[in-house]
Amino acid sequence: MALVDLIRPEVVKVPLVSTTKSEVIRELAECLRDAGKISDVEAVVEALMKRESMGSTGLEQGIAVPHAKTQAVHALTVAVGISPKGIDFQAIDGNPSKLFFLLLAPPDQSGPHIEALADIARITKSQAFCRTLIGATSPAEVVELFSED
Amino acid sequence: MNGPIKKILVYVDGTESSITAAQYAVVLSRTLRAELSALYVVNTRALEDLLKARIFIKAEEEEYKRDLEADANRYLNHVQSLARKKGVAIEAVSVSGAVHQEIKKYVRESEIDLLIIGELSHVRSRRDEFYNEAERAMRSVSCSVLIVKDEDRVWELYDALT
């Protein structure tokens with residue numbers, strides 16, 4: 001399934017209220033719980049924080065891609081969050097992260113996980129598109145932007 | 001093997017549609033008495049891109065590569081089993097690289113007459129169209145391409161093979 005098919009308004013959080021790395025991961029995990037995508041928030045947060053402990057997924061240009069394999073999901077699961085003010089995610093360029101793509105995949109679905117991450121890697125190459133996304137003010141607008149792209 | 005199609009290749013990526021394509025390939029291979037191969041491509045290009053983009057760390061790249069190699073074995077074994085059940089000989093091949101390039105290379109080097117692929121996912125954006133690996137392969141290979149649709153009908157055809 002294409003990444004764009006997974007990005008629905010209920011898995012988009014705009015604006016994020018968190019101010020720290022652990023908070024934003026929890027906020028997006030709770031967004032997925034509220035959307036009925038996961039039930040065990042703690043397991044998801046633990047898997048994501050474990051991955052972050054190996055190296056931050058905060059990239060350049062205000063983008064972060066926290067991701068993990070976890071038994072807490074049965075299929076590839078995505079959440080998108082936007083923090084116009086930015087959050088310190090220990091990004092490689094030291095700048096605050098504003099656009100978050102959170103990805104979870106079951107351990108036996110590495111193929112779709114890699115494809116989705118590769119989609120995100122391509123999306124993040126377009127600075128103009130990312131700037132437009134960061135400027136979005138509602139989940140519906142984010143979904144629409146992905147559909148139009 | 002006197003017809004126009006002597007060598008068939010089915011591209012298997014583990015999706016349900018690619019397994020349906022494999023079933024149809026078995027049906028066609030039996031009917032046309034054509035040689036059948038199944039190809040799985042471990043997408044190491046994507047892994048390299050993720051490492052380059054710093055989304056992956058090195059340990060992660062290696063872990064996911066092992067996962068994909070295990071997927072290749074699992075799916076190719078399944079396709080081999082589908083062919084064996086119908087008495088069709090099949091060559092199962094796993095390679096690594098960029099998916100569309102590896103498919104194109106295999107088609108050329110093995111002188112494939114017909115590439116069979118599963119139904120393409122719905123294109124939601126120009127980006128999808130450009131980056132869908134099966135679609136890119138379809139556009140770039142030198143042989144004819146057959147896109148398999150209607151899973152139920154294919155299952156009936158496969159099931160009816162005695």
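Out of the residues in the range A:74-87 meeting the condition of being under 22 Å from A:G111 (Cα atoms) and of a type outside the set (A, V, I, L, M), tell me which one is surrounded by the most Cβ atoms within 10 Å (Cβ to Cβ). Show your work before the answer.
To start, the set of residues in the range A:74-87 that are under 22 Å from A:G111 (Cα atoms) comprises A:74-80.
With of a type outside the set (A, V, I, L, M) added as a condition, the list becomes A:74, A:77.
On the way: A:H74: 11, A:T77: 21.
Here the residue is A:T77.
Quick check on my filter: what residues within the range A:120-139 are more than 16 Å from the chain's Cα centre (by Cα) and touching a residue at least 60 places away in the same chain (Cβ under 8 Å)?
A:Q127, A:T137
Here is a list: A:D93, A:D34, A:D88. Which entry is over 22 Å from A:E141 (Cα atoms) and without any contact (Cβ under 8 Å) to a residue 60 or more places away in the chain?
On the way: A:D34 fails: over 22 Å from A:E141 (Cα atoms); A:D88 fails: without any contact (Cβ under 8 Å) to a residue 60 or more places away in the chain.
The unique qualifying residue is A:D93.
Kindly indicate which of A:L99, A:L3 is in contact with a strand residue (DSSP E or B) (Cβ under 6 Å, 6 or more places away or on another chain) and either farther than 30 Å from B:S18 by Cα or of a type outside the set (D, E) (or both).
From the options A:L99, A:L3, the qualifying one is A:L99.
Of A:L32, A:L6, which residue is touching a helix residue (DSSP H, G or I) at 6+ places or on another chain (Cβ under 8 Å), within 21 Å of A:P107 (Cα to Cα), within 14 Å of chain B (Cβ to nearest Cβ) and aliphatic (A, V, I, L, M)?
A:L6
Could you identify the single residue in B:E111, B:E62, B:E102 that is loosely packed, with under 15 Cβ neighbours inside 10 Å and either part of a helix (DSSP H, G or I) or within 13 Å of chain A (Cβ to nearest Cβ) (or both)? Working first, answer last.
On the way: B:E111 fails: either part of a helix (DSSP H, G or I) or within 13 Å of chain A (Cβ to nearest Cβ) (or both); B:E102 fails: loosely packed, with under 15 Cβ neighbours inside 10 Å.
Just one listed residue meets the conditions, B:E62.
Which condition number does A:G111 fail, the rest of (1) under 12 Å from A:V65 (Cβ atoms); (2) touching a Gly at 6+ places or on another chain (Cβ under 7 Å) being met?
Unmet condition: (1).
Quickly run through the range B:1-26 and pick out the residues that are more than 16 Å from B:H78 (Cβ to Cβ) and among the aliphatic types (A, V, I, L, M).
Of everything in the range B:1-26, those that are more than 16 Å from B:H78 (Cβ to Cβ) and among the aliphatic types (A, V, I, L, M) turn out to be B:M1, B:I5, B:I8, B:L9.
Go through the range B:48-59 and count every residue that is assigned to a helix (DSSP H, G or I) and crowded, with 21+ Cβ neighbours inside 10 Å.
Looking only at that region, the number is 1.
Quick test of your reading of the structure: B:S29 fulfils all but one of (1) among the small types (G, A, S); (2) assigned to a helix (DSSP H, G or I); (3) at pLDDT below 95. Name the failing condition by number.
(3)
From the list B:R84, B:R45, B:R74, B:R33, which residue is within 13 Å of another protein chain (Cβ to nearest Cβ), surrounded by fewer than 18 Cβ atoms within 10 Å (Cβ to Cβ), over 13 Å from the mean Cα position of the chain (by Cα) and not aromatic (F, W, Y)?
Only one candidate qualifies: B:R74.
Answer yes or no: is there a residue in the range B:15-26 that is outside any helix (DSSP H, G or I), of a type in the set (S, T, N, Q), at the interface with another protein chain (Cβ under 9 Å from one of its Cβ atoms) and under 16 Å from B:I117 (Cα atoms).
Our first condition is that a residue be outside any helix (DSSP H, G or I); within the range B:15-26, this holds for B:15.
Add one more test, that the residue is of a type in the set (S, T, N, Q), and what stays is B:15.
In the following step, the residues that additionally are at the interface with another protein chain (Cβ under 9 Å from one of its Cβ atoms) were identified as B:15.
Within this subset, residues satisfying the condition of being under 16 Å from B:I117 (Cα atoms) are B:15.
Yes; the residues of the range B:15-26 include at least one that is outside any helix (DSSP H, G or I), of a type in the set (S, T, N, Q), at the interface with another protein chain (Cβ under 9 Å from one of its Cβ atoms) and under 16 Å from B:I117 (Cα atoms).
Conditions tested, residue by residue: (1) within 28 Å of B:K65 (Cα to Cα); (2) buried (at least 19 other Cβ atoms within 10 Å of the Cβ); (3) under 11 Å from the mean Cα position of the chain (by Cα).
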site	(1), (2), (3)
A:L6	yes, yes, no
A:P9	no, no, no
A:L16	no, yes, no
A:G55	yes, no, no
A:E60	yes, no, no
A:A72	yes, yes, no
A:F89	yes, yes, no
A:F101	yes, yes, yes
A:A118	yes, yes, no
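For the range A:18-41, what are the residues that are among the aliphatic types (A, V, I, L, M) and buried (at least 20 other Cβ atoms within 10 Å of the Cβ)? Spell out the reasoning first.
Looking only at the range A:18-41, we keep the residues that are among the aliphatic types (A, V, I, L, M), and these are A:24-25, A:28-29, A:32, A:35, A:38, A:41.
Within the range A:18-41, A:V24, A:I25, A:L28, A:A29, A:L32, A:I38 qualify.
Yes/no matrix, rows are residues, columns are (1) surrounded by 16 or more Cβ atoms within 10 Å (Cβ to Cβ); (2) within 16 Å of B:A46 (Cα to Cα); (3) at pLDDT 95 or above:
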{"residue": "B:I90", "(1), (2), (3)": "yes, no, yes"}
{"residue": "B:E133", "(1), (2), (3)": "yes, yes, no"}
{"residue": "B:R136", "(1), (2), (3)": "yes, yes, no"}
{"residue": "B:L146", "(1), (2), (3)": "yes, no, yes"}
{"residue": "B:E156", "(1), (2), (3)": "no, no, yes"}
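The values are calculated or read from the model by the stated rules, or taken from the named source; none is laboratory data. Here the structure is a predicted model, which means the values were calculated and not measured. Glycine gets a Cβ as well: all are built from the backbone with ideal geometry, and neighbour counts include every protein chain shown.
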